[in-house]
Amino acid sequence: MTKPDAKIVEKIKKDIQLLFRHTDFKHEAIRELANLYFQREVSKQTNNMQNAASARIIPESEEVDEGSYHPVDLDTLLRTQIKLPSLPTIFNQIMELMTDPDSSAHDFSNVISNDPALTARLLKIVNTAFYGYRSQIDTISHAVMIIGTSELYALCLSTSILALFKDIPSILVDMTSFWKHSIGCGMMARKIAARKGETNRERFFVAGLLHDIGRLVIYNNLPNQAHQAISYTTYHKDLLYNAETRVLGFDHTRIGGRILDKWKLPGKLADVIRFHHHPEDSPEPFDTAIIHLSDIMMNALKLGTSGEQFVPPLSPVAWKMIGLPVEMLSEIIQETVSQIEEISSILIPRKQDNQSHRYY
Ligand SMILES: [Fe+2]
Ligand SMILES: [Fe+2]
């Protein structure tokens, strides 16, 4: 490998100081993630020297007018201004089958096969290297037999949700980038759970996919306040969840929890979403710790973003609870990064896809 340009090395080191400014550099996991970021950026920026020299890791911001913030009560907002999207009917049918002890694999494949677009996506996903099934899976009934109903339920949920939020102004967030961050978080979480010997891993993928969904509700319904929060974080170099609380009086984790309640998804999942930035307070500490770490890994990789520009602080309690040897971080990242594009390209709806978009 050619020796990297000294100016590029200097710039990446400065970027790391900025990007990781809310983390504890003395922590072994943070040092490892910063080191991985350094290595990835050196090879990326050396190959693209012209862009690298001028690229800013955090955009410039105008001064912000904090006097214009009017924090509001979330319950009042939910009653008056915010509309939460509803899940498609097909998902409700699948959910009913999940809770019906008499339902059969045949019932599942009947419901799913009614939706050809969903069927095609599911079959593509279960045949990827990420899922790692040895034989080719060609039909939904075959998928039900091989991967089971819980895994299919998780994938149906993921596919349905990705189609719900489609009209977010791109000035606030790029949707492809948002979903890449979320899908990558779910994939990392699933891999970590596998390393820890967890058997029901699909819940980790769903939790990762949904962890920042509250942000989409904010972007969709409160675009002015979302813009103020983004400007605040750029100007003060603060974390976006702190900026949300400053501007709105609550952050995306609270609204995310509420949307999961509305969708009648398991309360444990809603707890993981609510506490993913403060896993030590979660009633589901282990699952929350894994999502917390996966989110930090995705932010450190800068592979997609939900709007956050910095790496959020790592809870040492969560890190200890997961009990992952530090060298496994790079193993998991290397294994997963190459698969994120593939899964994202299947799951993220293309702009021309014309799927339904309904609200309560
Ligand atoms: Fe978050
Ligand atoms: Fe996140």
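The values are calculated or read from the model by the stated rules, or taken from the named source; none is laboratory data. If you're wondering where the values come from, they're calculated on a predicted model, not measured in any experiment. When we count neighbours, we look across all protein chains shown, and the Cβ atoms used for this are built from the backbone with ideal geometry, even at glycine. In case anyone asks, the SASA skips ligands and DNA or RNA and just uses the protein heavy atoms, side chains included. Shrake-Rupley method; radii C 1.70, N 1.55, O 1.52, S 1.80 Å.
Would you check which residues across segment 155-195 are assigned to a loop (DSSP other than H, G, I, E, B) and of a type in the set (A, V, I, L, M) and list them? The answer is ALA163, LEU164, ILE168, ILE171, LEU172, VAL173.
If you take the residues in segment 293-347 that are assigned to a loop (DSSP other than H, G, I, E, B) and more than 16 Å from ligand 2 (Cβ to nearest atom), which one is surrounded by the most Cβ atoms within 10 Å (Cβ to Cβ)? Restricting to residues being assigned to a loop (DSSP other than H, G, I, E, B) and more than 16 Å from ligand 2 (Cβ to nearest atom), the top hit is LEU324. Run down GLU308, GLU280 and say which single residue is away from ligand 1 (no atom under 15 Å from the Cβ) and not assigned by TED's automatic domain parsing to the domain that holds MET95. Going through GLU308, GLU280 in turn, the sole match is GLU280. Checking each residue in segment 253-268 for being over 14 Å from the mean Cα position of the chain (by Cα) and either within 14 Å of ligand 1 (Cβ to nearest atom) or part of a helix (DSSP H, G or I) (or both) picks out ARG254, ILE255, GLY257, ARG258, ILE259, LEU260, ASP261, LYS262, GLY267, LYS268. On the stretch given as segment 67-101, residues that are in contact with a Lys or Arg (Cβ under 7 Å, 6 or more places away or on another chain), assigned to a loop (DSSP other than H, G, I, E, B) and not aromatic (Phe, Trp, Tyr) total 2. Taking the conditions (1) within 13 Å of ligand 1 (Cβ to nearest atom); (2) in the same structural domain as SER104 (by TED's automatic domain parsing); (3) of a type outside the set (Asp, Glu) in turn, SER158 satisfies each one other than (1). Check ASN242, ASN220, ASN224 and return the single one that is outside the structural domain of MET98 (by TED's automatic domain parsing), open to solvent by 10 Å² or more (accessible area, probe 1.4 Å), within 14 Å of ligand 1 (Cβ to nearest atom) and assigned to a helix (DSSP H, G or I). The conditions single out ASN242. A search for C-beta distances below 7 Å between a residue of segment 165-185 that is in the same structural domain as ALA207 (by TED's automatic domain parsing) and any residue that is open to solvent by 60 Å² or more (accessible area, probe 1.4 Å), counting only pairs 6+ apart in sequence or on different chains, returns LEU172/HIS227. Checking every residue in segment 181-201 against the condition of being polar (S, T, N, Q), surrounded by 20 or more Cβ atoms within 10 Å (Cβ to Cβ) and either within 17 Å of GLY304 (Cα to Cα) or touching a helix residue (DSSP H, G or I) at 6+ places or on another chain (Cβ under 8 Å) (or both) gives at least one match.
For segment 245-265, the set of residues classified as more than 16 Å from ligand 2 (Cβ to nearest atom) and open to solvent by less than 40 Å² (accessible area, probe 1.4 Å) consists of VAL247, LEU248, GLY249, PHE250, TRP263, LEU265, listed by residue number.
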